[in-house]
1. Give me the dipole magnitude in Debye, nearest 20, for the chain about the Cα centre, with unit charges on the beta carbon: positive for Lys and Arg, negative for Asp and Glu.
2. Of all DSSP beta bridges located in the chain, what percent are antiparallel, nearest 5?
3. Using θ = phi - 60° and the Karplus curve 6.51 cos²θ - 1.76 cosθ + 1.60, what whole-Hz ³J(HN,Hα) does each residue of segment 228-237 get, with Gly and Pro shown as x?
4. Calculated FRET efficiency, residue 49 and residue 128, Cβ-Cβ r, R0 30 Å, to nearest 0.05?
5. Over segment 38-153, calculate the relative contact order: mean separation of alpha carbon pairs under 8 Å at least 6 apart, over the residue count, as a percent.
6. Can you compute the modelled spin-label distance between residue 13 and residue 155, with each label point 7 Å from Cα toward Cβ, in nm?
7. In percent, how large is the relative contact order of segment 128-207, given Cα pairs closer than 8 Å and 6 or more residues apart?
8. Loop only by DSSP, 11 or fewer other Cβ within 10 Å of the Cβ. Give me the GluC sites (Glu not before Pro) in segment 81-164 that pass, ordered by residue number.
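Taken together, the values in this text are just the output of simple stated rules run on the coordinates, not laboratory data. As the structure is a prediction and not an experimental result, all values here were calculated from the model. Heads up, the Cβs are rebuilt from the backbone with ideal geometry, glycines too, and the neighbour counts pull from every protein chain shown.
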Amino acid sequence: MYQFFVEEEQVHSDSISITGGDVNHIKNVLRMKNGEKIRVSSKSGQAYFCHISSIQDDEVIAAIDSADDTGTELDNHIVLYQGLPKGDKMELIIQKAVELGVSEIVPVAMKNCVVKLDEKKAAKKLQRWQAIAESAAKQSKRTVIPTVKQPVTYKEALKIASELDITLVPYENEHGMDATREIMGQLKAGQTIGVVVGPEGGFAPEEIALVDEHATMHRISLGRRILRTETAGLAALAMLVYNLDV
């Protein structure tokens, strides 16, 4: 069943109006017909099971069959603070993080980042990254589209993360999984959770030292092997899903 997202004003008492690029996708790419089932979510997070009742040139009308009260979202707001990686790795990270249930993704400029984004490049990248997040949300049947934020500095990231209930910092020099299991086991539904991941070069010593200044931030191990930056955050998110999903 295909998934689509709409604004609140497009949802009516017994039908939903789908407009924009999704109309062409439904008509000419998916070649869907009247009567076919789809799932539609509003930006507030309410999802509906529908069937297509009308396909026009600039609008598709979906008749509401029932509300999806179960949903697919975790009960936790999870933010991934990702050290800017090289090449197109960020695209993979965003795609898979959305599939794993992340709520927000914040690119972070760190000391060992090779990539340097000026304002113009950042704006162009952000548009591309948000489109990837939306596509991944549709594919994984998310009820909401996670937000990819503007890149921030490392100190700004820690300041924002310090306002969350708990923040996990996977660190290659942190040894032993017992502490990781203990922290994961203490997490509860409803908590806001941050995950801070370093770039290819890892955290600089002064960066990891700043983590220890915050009572809600915890360095954790992800095992005895060294994980790439595009793997570390996803491994941590998978552990969170294992402990928090129902």
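1. Working: 28 positive and 35 negative charges, 188 e Å.
Rounded to the nearest 20 debye, it is 900 debye.
2. Values: 18 of 45 bridges.
Of those bridges, close to 40 percent are antiparallel.
3. These are the phi-based 3J(HN,Hα) values: 5, 4, 6, 9, 4, x, 5, 5, 5, 5 Hz.
4. With R0 = 30 Å, the Cβ-Cβ based efficiency is 0.45.
5. On the way: 185 pairs, mean separation 31.5, N = 116.
The value is 27 percent.
6. 5.7 nm
7. Working: 42 pairs, mean separation 22.9, N = 80.
For segment 128-207, the relative contact order is 29 percent.
8. On the way: sites: 91, 99, 104, 119, 134, 156, 163; in loops: 163.
The qualifying sites are 163.
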